[in-house]
1. From the list 73, 58, exactly one residue is modelled with pLDDT under 85, under 30 Å from residue 95 (Cβ atoms) and exposed (fewer than 10 other Cβ atoms within 10 Å of the Cβ). Which is it?
2. For the stretch 92-106, name all the residues that are modelled with pLDDT under 95, in contact with a helix residue (DSSP H, G or I) (Cβ under 6 Å, 6 or more places away or on another chain) and not in a helix (DSSP H, G or I).
3. What are the residue pairs meeting all of these: first residue in the stretch 159-182, first residue outside the structural domain of residue 13 (by TED's automatic domain parsing) and outside any loop (DSSP other than H, G, I, E, B), second residue modelled with pLDDT under 90 and buried (at least 16 other Cβ atoms within 10 Å of the Cβ), Cβ atoms under 9 Å, and 6 or more apart or on different chains?
4. Out of the residues in the stretch 138-148 meeting the condition of being closer than 13 Å to residue 167 by Cβ and out of contact with any strand residue (DSSP E or B) (no Cβ under 9 Å at 6 or more places or on another chain), tell me which one is modelled with the lowest pLDDT.
5. In the stretch 18-53, what count of residues is obtained for those that are surrounded by fewer than 10 Cβ atoms within 10 Å (Cβ to Cβ) and either more than 23 Å from residue 171 (Cα to Cα) or modelled with pLDDT of 90 or more (or both)?
6. Given 65, 146, 114, which one is loosely packed, with under 11 Cβ neighbours inside 10 Å, farther than 12 Å from residue 182 by Cβ and out of contact with any helix residue (DSSP H, G or I) (no Cβ under 9 Å at 6 or more places or on another chain)?
7. Starting from the stretch 134-157, take each residue that is closer than 16 Å to residue 173 by Cα and list its partners that are in a helix (DSSP H, G or I), counting only C-beta distances under 8 angstrom and pairs at least six apart or across chains.
8. Between a first residue in the stretch 108-128 that is not assigned by TED's automatic domain parsing to the domain that holds residue 78 and at pLDDT below 95 and a second residue that is part of a helix (DSSP H, G or I) and surrounded by fewer than 13 Cβ atoms within 10 Å (Cβ to Cβ), which pairs have beta carbons less than 7 Å apart while being 6 or more apart in sequence or on different chains?
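The values are calculated or read from the model by the stated rules, or taken from the named source; none is laboratory data. Because the structure is predicted, anything quoted here is derived from the model rather than measured. Neighbour counts run over all protein chains shown; Cβ positions are idealised from the backbone, glycine included.
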């Protein structure tokens, strides 16, 4: 009809009080996650009492399924970001050329992401990964669903996201939907 509607989104930034109210009548509760750490913070955030028992289990994945590479020459601290852009772009492009499958590349800020994206595109990013998805500053919830659908359907995606944002945790990508993270 050509009418534009309004959308109101409520985000609960501190669920502790509400969760504590829901948990108070319970005799017991089991909560599990890969990110229930550190325990003191988790107790507060989830409205759990001080007597809550925390148990850490071994990873279900074999050590051979995890590779960690540290690029100590790429300094992403705020005062060094402009100087490290070239090194980071080269590292990312080399990684995407070497490692098949979907990859998420995380950046410490939108500005750094955009600056690096310009370099990546100038150096042929789309030749290495034809499906490039970039997190936008004011992205609607549909952007999250779009990324998840793209990762589920394709095996040649490079997703550029902000570290610590909505694409940094709380997403389940089973199988080959995500094969590497930078």
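1. On the way: 73 fails: modelled with pLDDT under 85.
Only one candidate qualifies: 58.
2. none
3. Filtered contacts from the stretch 159-182: 159/167; 161/167.
4. This residue is 141.
5. 9
6. Being loosely packed, with under 11 Cβ neighbours inside 10 Å, farther than 12 Å from residue 182 by Cβ and out of contact with any helix residue (DSSP H, G or I) (no Cβ under 9 Å at 6 or more places or on another chain) holds for just one of 65, 146, 114, which is 65.
7. If the second residue must be in a helix (DSSP H, G or I), the pairs left are 157/150; 157/151.
8. none
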